[in-house]
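Read the structure below first, then the notes.
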Amino acid sequence: MTAKTQPSDDRRIRRTRRALREALVELILERGWDAVRIQDVCDRADIGRSTFYAHFGDKEDLLIGGLDDLGTALRALGSMRKGDPSFAFVRGVIEHAQEQRRLFRAVIGKRGGHLIQLRFRELLTKLFREELTAVAPHNAHLGAAVAYVAGAFAELLTWWLETRNGLDATELEALFQRMTAPIVSELRGGNGPRRDASG
């Protein structure tokens with residue numbers, strides 16, 4: 001029978017993980033993803049290498065460990081209405097990016113690694129697929145629309161974080177919704193050929 005984790009242990013674990021993530025973000029912004037080694041992160045966080053591996057498998061795991069949790073939280077922002085995509089999660093991503101600007105710049109900015117950017121785009125793709133599938137589940141162009149919208153949002157978010165564009169979170173969300181409306185309208189109108197349900 002194993003002992004239950006004590007609250008003090010939980011706090012210590014959270015502090016350790018936070019210190020490691022903050023150290024990694026600082027180093028990515030200073031050196032770029034590819035130049036950062038696990039030992040560098042441990043040295044910056046003043047945490048032993050064995051402790052690092054007790055929590056994370058590698059530096060990718062350290063940085064993207066929270067992406068699944070982020071996806072769950074974003075889905076909870078608003079229920080998806082069949083046939084009427086609200087993209088409620090978009091506001092959540094924008095607000096999270098604004099609050100964690102340094103982290104997001106490390107993940108999706110110019111100094112972020114290809115694998116990390118790919119994983120972030122995979123998360124966005126899943127979220128957009130869930131909503132756009134409600135619009136036209138059998139449209140043969142659904143996959144193309146999902147890729148287009150997810151890629152456009154990732155690029156728009158990157159632009160917003162890395163330039164002095166003067167847009168606040170509300171304005172950025174409104175801009176994305178306006179630019180995406182024709183794609184949703186195209187899917188809803190059924191202008192593309194249908195695919196059978198097994199495809």
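Look at VAL25 and say whether it is at pLDDT 80 or above, of a type in the set (Val, Ile, Thr), out of contact with any Ser or Thr (no Cβ under 7 Å at 6 or more places or on another chain) and assigned by TED's automatic domain parsing to the domain that holds GLN177.
Working: at pLDDT 80 or above: yes; of a type in the set (Val, Ile, Thr): yes; out of contact with any Ser or Thr (no Cβ under 7 Å at 6 or more places or on another chain): yes; assigned by TED's automatic domain parsing to the domain that holds GLN177: no.
When the stated conditions are applied, VAL25 does not pass them.
Would a scan of the stretch 174-183 turn up a residue that is aromatic (Phe, Trp, Tyr) and surrounded by fewer than 18 Cβ atoms within 10 Å (Cβ to Cβ)? No. Within the stretch 126-153, residues that are in contact (Cβ under 8 Å) with a residue 40 or more places away in the chain reach partners that are crowded, with 20+ Cβ neighbours inside 10 Å and of a type in the set (Gly, Ala, Ser) with beta carbons closer than 7 Å, at six or more positions or on different chains, in the pairs PHE128/ALA150; LEU132/ALA145; LEU142/ALA136. The residue that is nearest to GLY109 (Cα to Cα), counting only those in the stretch 148-195 that are basic (Lys, Arg) and at pLDDT below 90, is ARG164.
The rows are residues; the columns are (1) in the same structural domain as SER185 (by TED's automatic domain parsing); (2) surrounded by 20 or more Cβ atoms within 10 Å (Cβ to Cβ); (3) at pLDDT below 90.
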residue: ARG102; (1), (2), (3): yes, no, yes
residue: LYS110; (1), (2), (3): yes, no, yes
residue: HIS114; (1), (2), (3): yes, no, yes
residue: ARG121; (1), (2), (3): yes, no, yes
residue: GLU131; (1), (2), (3): yes, yes, yes
residue: GLY143; (1), (2), (3): yes, no, no
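So in the stretch 131-147, with the set limited to residues that are among the hydrophobic types (A, V, I, L, M, F, W, C) and part of a loop (DSSP other than H, G, I, E, B), which one is farthest from the chain's Cα centre (by Cα)? Show your work before the answer.
Taking the stretch 131-147 as the starting set, the residues that turn out to be among the hydrophobic types (A, V, I, L, M, F, W, C) are 132, 134-136, 140, 142, 144-147.
With part of a loop (DSSP other than H, G, I, E, B) added as a condition, the list becomes 136, 140.
Numbers: ALA136: 24, ALA140: 26 Å.
That would be ALA140.
State yes or no: is THR5 modelled with pLDDT under 90, exposed (fewer than 15 other Cβ atoms within 10 Å of the Cβ) and not in a helix (DSSP H, G or I)? It is true that THR5 is modelled with pLDDT under 90, exposed (fewer than 15 other Cβ atoms within 10 Å of the Cβ) and not in a helix (DSSP H, G or I). For the stretch 38-62, the set of residues classified as more than 23 Å from the chain's Cα centre (by Cα) and outside any helix (DSSP H, G or I) consists of ASP46, ILE47, GLY48, listed by residue number.
Within the stretch 63-93, the only residue that satisfies the criterion of being at pLDDT below 65, assigned to a helix (DSSP H, G or I) and of a type in the set (A, V, I, L, M, F, W, C) is LEU67.
The values are calculated or read from the model by the stated rules, or taken from the named source; none is laboratory data. Remember, it's a predicted structure, so these values are computed and weren't measured experimentally. Neighbour counts run over all protein chains shown; Cβ positions are idealised from the backbone, glycine included.
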